[in-house]
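Asks: Structure incoming, see below.
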Amino acid sequence: MNDEDGRAVWSVRRFTALILGEMCRLHDDEHGYGPRGADFIDHVDIPNDVMDAYHRLAVAHPYSFREAWRP
């Protein structure tokens with residue numbers, strides 16, 4: 001990912017890992033940050049198309065996905 005001057009800020013691998021990690025935290029289960037987990041944030045409804053995209057990204061970039069988190 002590049003800044004406004006075109007310089008690389010993060011590698012694609014790092015950016016993908018950040019996105020996948022945020023999805024894990026947003027999910028409201030015992031592993032997430034929602035009320036059924038750490039209770040740091042309110043419940044977040046994640047649309048099905050977003051979850052589908054998340055799963056495709058996790059499969060396409062398994063090196064970025066530390067744990068096999070599946071809601």
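Asks: Which of the residues spanning region 1-21 are polar (S, T, N, Q) and assigned to a helix (DSSP H, G or I)? Don't jump to the end; show me each part of the working.
Replies: First, the residues of region 1-21 that are polar (S, T, N, Q): 2, 11, 16.
Within region 1-21, just Thr16 meets the criteria.
Asks: While we're looking at this one, here's another question. Cβ-Cβ under 7 Å, sequence separation 6+ or interchain: first residue in region 47-59 and within 13 Å of Leu20 (Cβ to Cβ), partner in a helix (DSSP H, G or I). Which pairs?
Replies: Note: pairs meeting the criteria are Tyr54/Met23; Leu57/Thr16; Leu57/Ile19; Leu57/Leu20; Ala58/Leu20.
Asks: Considering only residues of region 23-71 that are modelled with pLDDT under 85 and of a type in the set (Phe, Trp, Tyr), which is surrounded by the most Cβ atoms within 10 Å (Cβ to Cβ)?
Replies: Restricting to residues being modelled with pLDDT under 85 and of a type in the set (Phe, Trp, Tyr), the top hit is Phe65.
Asks: Return the pairs, sorted by first residue and then second, in which the second residue is surrounded by 15 or more Cβ atoms within 10 Å (Cβ to Cβ), the first residue lies in region 7-32 and is polar (S, T, N, Q), the beta carbons are less than 7 Å apart, and the residues are 6+ apart or on different chains.
Replies: From residues that are polar (S, T, N, Q), the pairs are Thr16/Leu57; Thr16/His61; Thr16/Ser64.
The values are calculated or read from the model by the stated rules, or taken from the named source; none is laboratory data. Only a predicted model underlies this, so the values are computations on that prediction, with no experimental measurement involved. Cβ atoms come from the backbone with ideal geometry, glycine included; neighbour counts cover every protein chain shown.
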